[in-house]
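Notes follow once the structure below has been shown.
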Amino acid sequence: MRSPIATLRSQISSALNVDKIRADFPILNTKVGDKPLIYLDNAASSQMPQTVINCLVKYQTEQHANIHRAVHYLSEVATREYQRARGVLQQFIHAREDREVIFTSGTTDAINLVMHGYGRKFLQAGDEIILTTLEHHSNIVPWQMLAEEKGIKIRVVPINDRGELKFDVYKELFNSRTKFVGLIHVSNALGTINPIKEMIDFAHQYNNVPVLIDGAQAAPHMVIDVQELDCDFYTFSGHKMCAPTGIGILYGKASLLESMQPFKGGGDMITSVTFEETIYNEIPHKFEAGTPPIAAAIGFGAAIDYLTSIGIDYIGHYESELLHYATELISAIPGVKIIGTAKHKTAVLSFTVEGIHPHDIGTILNQEGIAVRTGHHCAQPVMQHFSVPATSRASFAFYNKKTEIDALVDGIRTVQKVFQ
């Protein structure tokens, strides 16, 4: 008899018409040599459906103009579409107000905005910031720069050998000097889903310490409700969510954003300028200096419309099914070790093959038409914990199929034969 979970997954798989979805992505028809492309590098960047491509073409052919600065027709159309995209993102993350959504060039840019806008204004020498071993470099380096400038101490939450944060140690790191917490929602290197709601609650109970969440690997796969999470900042990138590169958002509580200093100075972020004084604009414009990536923002809104039409819940459940299938098959291959076996994961599978460098694995898989990521994944502290220089990483999206995982398994066996 099938378990209830298996039955549910079967229902989800049948509810998600993957063949129909794949037809929305023209790039999936690509051939690598004479092999069909099998794209398993979605944690780095996902692919773009035709609806988003059409949106970008429409913008460039019918709507393009600069925003907020003219009363002519095209400027009004472009402004309307840009602001509509902001509203789509607001609804997607369940933010209270659309002015709490700041367009950035991506997650890294958003974290740097918080470091400059909040950290440089409010953190002082002797303060402490808590980060975790699982952080992407983008949520480490900016805080190291601030720590060096201000004399701030960074404390790090360790992980266990499954790649899970040690929550007890996290709580022990807090003291009267703790003034900021930066957490990754989902590890890009391992796929670990962190218990951020509990971690945010603890930080707030402990002297109301503000918390920034790096959601770059979470937002494409699960429902995000920033009000329910009660996070102070949340950020993610468009290009991991079927949108163009060069666009992302920073969510921040309005009261915090209003208290922060601007990150960049220039046009559109001001109310008035004289040589004696500049008065800054209201949020979100205070943090969007100069001409923003208008087309990319509008495309981001179209990508969110597309994902929402499928259903983030369905996407997440289907990708979990792919992860479970891949984990069972790949862990059964002799000489292959999966790095990161947390109880709660998104569809990221990092692995090593005994005696073979990950770059060689990626090169040979590419000859089979299979795209995976190899390297340290901008998460060198994670690699150091597991005492490996790098891993091979397969990351699945809702347009992937189990037959592609079968091909990956065959590809890994081919790699092993080459190096026998």
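The values are calculated or read from the model by the stated rules, or taken from the named source; none is laboratory data. From a predicted model like this one, the values you see are computed outputs, not experimental measurements. In this analysis, Cβ positions are derived from the backbone assuming ideal geometry, glycine residues included, and neighbour counts consider all displayed protein chains. Remember, those area values only see protein heavy atoms, side chains included, never the ligands or the DNA or RNA. Shrake-Rupley method; radii C 1.70, N 1.55, O 1.52, S 1.80 Å.
For the chain, the Kirkwood estimate of hydrodynamic radius, built from reciprocal distances between every pair of different alpha carbons, is 22.6 Å. In sequence order, region 67-73 has phi-based couplings of 9, 6, 10, 8, 10, 6, 4 Hz under the Karplus curve 6.51 cos²θ - 1.76 cosθ + 1.60, θ = phi - 60°, and Gly or Pro positions carry x. Basic side chains Lys and Arg get +1 at the Cβ, acidic Asp and Glu get -1 at the Cβ, and with that the dipole of the chain about its Cα centre reaches some 580 debye.
For HIS359, put the label point 7 Å out on the Cα→Cβ axis and report which residues of region 384-420 keep their amide N under 14 Å from it. Taking a point 7 Å out along Cα→Cβ of HIS359, the residues of region 384-420 whose backbone N falls under 14 Å are 389-392. Hey, quick one: spin label on MET145, modelled 7 Å out along Cα-Cβ, who in region 257-276 has an amide N within reach, i.e. under 13 Å? Residues 263-264 fall inside that zone. Here's how it looks for MET241: its modeled amide H is under 5 Å from those of SER46, which are all 5 or more places away or on a different chain. Couplings 3J(HN,Hα) of region 308-320, computed from phi: 5, 5, 7, x, 4, 4, 4, 4, x, 5, 5, 5, 5 Hz, in residue order, whole Hz [Karplus 6.51 cos²θ - 1.76 cosθ + 1.60, θ = phi - 60°; x for Gly and Pro].
Extension gain, LEU74 to SER259: 0.36 nm times the residue separation minus the Cα-Cα distance gives 63.2 nm. Roughly how far apart, in whole Å, are the Cα centres of region 275-338 and region 358-405? The two parts, judged by their Cα centres, are 19 Å apart. Residues in the chain average 43 Å² of solvent-accessible surface per residue, probe 1.4 Å, ligands and nucleic acids excluded. Sparse packing (at most 15 other Cβ atoms within 10 Å of the Cβ) combined with a DSSP loop state is found for the following trypsin sites (Lys or Arg not before Pro) in region 124-217: ARG162, LYS166, ARG177.
With R₀ set to 22 Å, the beta-carbon distance separating SER387 from ILE333 gives a calculated FRET efficiency near 0.55.
In the chain, which longest range has no GluC sites (Glu not before Pro) that are both DSSP loop (not H, G, I, E or B) and surrounded by at most 13 other Cβ atoms within 10 Å?
So the longest stretch without any such site is 98-275.
Expressed as a whole percent, the accessible area of the chain that falls on carbon and sulfur atoms is 52 (1.4 Å probe).
Amide H to amide H, with H built 1.01 Å from N, ASP268 comes under 5 Å of GLY290, counting only residues 5 or more places away or on other chains. A Förster radius of 35 Å combined with the Cβ-Cβ distance from THR245 to LYS153 puts the calculated FRET efficiency at roughly 0.50. Pairs exceeding a 22 Å alpha-carbon distance, out of LYS121/LYS264; LYS337/LYS402; LYS197/LYS401; LYS20/LYS345; LYS166/LYS197; LYS197/LYS253: LYS197/LYS401; LYS20/LYS345. Rounded to two decimals, the Cα radius of gyration of region 1-151 over 2.2 N^0.38 Å is 1.50. A full extension of the chain between TYR314 and LYS417 corresponds to an added length of 33.3 nm, given 0.36 nm per residue minus the alpha carbon distance. Rounded to the nearest Hz, the phi-derived 3J(HN,Hα) couplings of region 299-304 under the Karplus curve 6.51 cos²θ - 1.76 cosθ + 1.60 (θ = phi - 60°) are x, 4, x, 5, 5, 5, where x marks glycine and proline.
THR291 to ASN54: extension gain in nm, 0.36 nm per residue of separation minus the Cα-Cα distance?
83.1 nm
For the chain, the relative contact order is 23 percent, taking Cα pairs closer than 8 Å that sit 6 or more residues apart in sequence and dividing their mean separation by the residue count. Whole Å is fine, so just give me how far the alpha carbon centre of region 94-121 lies from that of region 135-176. The distance from the Cα centre of region 94-121 to that of region 135-176 comes to 20 Å. Using a cutoff of 8 angstrom between alpha carbon atoms and counting only pairs six or more residues apart, the relative contact order for region 226-358 works out to 17 percent. Using the Cβ-Cβ distance between GLN380 and LYS401 with R0 set to 35 Å, the FRET efficiency from 1/(1 + (r/R0)^6) comes to roughly 0.60.
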